[in-house]
Amino acid sequence: MKVLFSQLERDIEDFIREKIVSSQKIQKCQPSNFESNNAGNEQCQLAEVDPDDSHLTVVNGKDASEKGAKKKKGKEVSLSKVTLAENVDENQASKGGKSKKRQGKTKGGSTLAAKSVKYGQHKGSDKVGNDDFDVPSEEWMMERLLKWQPDLEGAGAGEIDGNGVARSLVMHLRPMLVDSWKAKRNAIMAANAEKRRQVLDKLQQHLDEAYLNLQLFEKALDLFQDDPSTSVILHRHLLRTTATEITDMILLALDFDRRLQDGIDGDVSKDVEFSPLNSGQRISLAKGLPGSMSTKAILMVEALEGKLVESFNTTLKDTAEESGLWLKKLDKKTERTLIHSYRKVLASQIEEERDHVALLPKVVALLYVQVHNKALQIPGRAIAIAISRLKDHIPETGYTTLMEYHSATVKLIALLSAGSYSEDDCTADRILSKRELLESKMPQLKSLPMALSSGTTVAAGNA
C-alpha cells in the first residue's frame, strides 16, 4: 500500500505541474492583435527584434565602422542605459535614509509587498491550487494503478468494469493523496512568500529609476513638436530603448512571481534577472500572466510598436496599477538632479570615447543639455535635424564642425554598406581616408561642449 501511495504521489505532482505548464503554453500561443501584425509569431516562435535602422548605431561599444553594413548581432548601446537615478539615490541617502524608507511604498503608504497581494488574488486563491489543477480523477488513478499492477485488472465481481479491487484502492488512497498534495503545495507557497516580496521590491526599485529616466527623456521630445516626422522617429526610439527596458523588467519579474505563486519554481535561492527580451518573448510572458493582468500587459507590449510614448505610458500605468506597482513621478528637484547627472555622464563618456561613429550622438546630446537643459535621446536618423536645430545656439565654427563630422560619418558608412570590396578598386583606400579624417576631427569635436560652456570658439576643419 505504501509503495502504491508513493508512486501515485510522485505521478500526481508531475501531472499537476505538467498541466499548469501546458495550460500556460497554450495560452501564450493564442493569436493576438500584436501577433497578427507580425508574421514571425504565427507559430509562437521567438524571433529577434530588428535593431534600430539608424546609421549611427553603436554596437557593444565597438567602432560601428568595423561592422560594415552587416546586421548587428550585438546589444545596442543607447544613452537610455545610463543609470541617472543612481545619483538621486546617493544624494537622498545622506538625508537620514528617508529614500530607503520610501522604497516599495505606494501612494497610500502601504508597502509594495502588502499591495502585491492584489496581483495573486483571483477566484479560489484562498484554496490550495486552482480547481483546474486539482488532483486528477479516480479514472486517471485507476489507469496508473492497473499499469503498475496489471494483475488487478478484472478483479472485483459485481463492478460494471470488473475492476472493483482497483477502484476500492483508489477510493481509499485518493483522499490521502489530496491532503498530501495540498500540504506540500502550502509548504512551497509559504517558502516562496518571502521570495515573492523580495522580487517585487526589487522590481519597484528598478522601475523607479527607469521610469524617472523615461519621463526625463520624454520632456526633450517637446523640442520637436513642430516637426511631426522627426518627432515620430524620436518617440519610436524612446519606445525601443527606455520603454522597452521597463516593459522587459516588469514582465520578467511578474512571470517570476507567478511561477513562485503557482509553486512551479520552488527554488527560493534563485533571483529574477532583468535581461533584454525579443518581441516573441514579451508577448509570450504577457500571455502567461493571470486574468486581467495578462490583458493589460499585452496592451503594454503592443504599445511599444506604436508612435507615441504617451500611449505607452497609459498602458504602463494600467499594468502597474493591476500589479500593485507605483510609478514615481518626476518632480522639478529630481529633474534638476538627473539633468546634472546626465551631463556629467555624457562628459565622461565623450572624453573616453574612441569610436568615430559613437562619438557624434553623445556630443550632440551634451550640447542639447547645455543649450536647452533637456536630456535628448538621438537615434542616427535624427542626428542631422538635431544638429540643424543647434545652428542658432552655438558658434558658427562649432556648427560647421558638427556638419563636417556628420557628413564624413555618413560617407564612411555608405562605403561600408556597399558590401565586399577587392584590392583592385579604390574603396578600401576611400574607407581608410574617411577613417583618418574622422580620427583627425575627434579632438575638435570633443572640445565643442567645453568651448560652448566657456564661451570660446572652435576652429573649423577642412572637409
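Remarks
- Total residues in region 349-407, condition in contact with a strand residue (DSSP E or B) (Cβ under 9 Å, 6 or more places away or on another chain) and of a type in the set (Asp, Glu): 1
- The listed residues are Ser292, Ser311, Ser279, Ser284, and the only one of them that is among the small types (Gly, Ala, Ser), surrounded by fewer than 20 Cβ atoms within 10 Å (Cβ to Cβ) and farther than 30 Å from Lys333 by Cα turns out to be Ser292.
- If you go through region 302-354 and keep only what is of a type in the set (Phe, Trp, Tyr) and farther than 25 Å from Ala253 by Cβ, you end up with just Tyr342.
- Which listed residue, of Leu234, Leu252, Leu223, Leu260, is in contact with an Asp or Glu (Cβ under 8 Å, 6 or more places away or on another chain) and either touching a residue at least 24 places away in the same chain (Cβ under 8 Å) or closer than 22 Å to Leu285 by Cβ (or both): Leu252
- Once region 431-463 is narrowed to residues that are open to solvent by 90 Å² or more (accessible area, probe 1.4 Å), assigned to a helix (DSSP H, G or I) and under 30 Å from Ile394 (Cβ atoms), the residue that is modelled with the lowest pLDDT is Met450.
- With respect to being within 26 Å of Lys219 (Cβ to Cβ), part of a helix (DSSP H, G or I) and among the hydrophobic types (A, V, I, L, M, F, W, C), Met300 fits the description.
- Residue within region 350-360 that is assigned to a helix (DSSP H, G or I) and open to solvent by 50 Å² or more (accessible area, probe 1.4 Å) present: yes
- Within region 438-452, residues that are closer than 11 Å to Leu360 by Cα reach partners that are of a type in the set (Asp, Glu) and surrounded by fewer than 18 Cβ atoms within 10 Å (Cβ to Cβ) with beta carbons closer than 9 Å, at six or more positions or on different chains, in the pairs Lys446/Glu351.
- Test for Ile250: is it open to solvent by 10 Å² or more (accessible area, probe 1.4 Å), touching a Ser or Thr at 6+ places or on another chain (Cβ under 9 Å) and either part of a helix (DSSP H, G or I) or closer than 26 Å to Lys329 by Cβ (or both): no
- Selected residue (only one of Leu173, Leu169, Leu177, Leu207 is surrounded by 15 or more Cβ atoms within 10 Å (Cβ to Cβ), under 30 Å from Ile246 (Cα atoms), at pLDDT 70 or above and of a type in the set (A, V, I, L, M)): Leu207
- Any hit, region 263-274, residues being in a helix (DSSP H, G or I) and crowded, with 21+ Cβ neighbours inside 10 Å: no
- Matching residues, region 361-376, being of a type outside the set (Val, Ile, Thr) and either open to solvent by less than 10 Å² (accessible area, probe 1.4 Å) or over 17 Å from Leu214 (Cα atoms) (or both): Pro361, Lys362, Ala365, Leu366, Leu367, Tyr368, Gln370, His372, Ala375, Leu376
- Yes/no for Arg197 being basic (Lys, Arg) and touching a Ser or Thr at 6+ places or on another chain (Cβ under 9 Å): yes
The values are calculated or read from the model by the stated rules, or taken from the named source; none is laboratory data. From a predicted model like this one, the values you see are computed outputs, not experimental measurements. Using ideal geometry, Cβ is built from the backbone for each residue, glycine included, and neighbour counts are taken over all protein chains shown. What goes into the accessible areas is simple: the full protein's heavy atoms, side chains included, and nothing from ligands, DNA or RNA. Shrake-Rupley method; radii C 1.70, N 1.55, O 1.52, S 1.80 Å.
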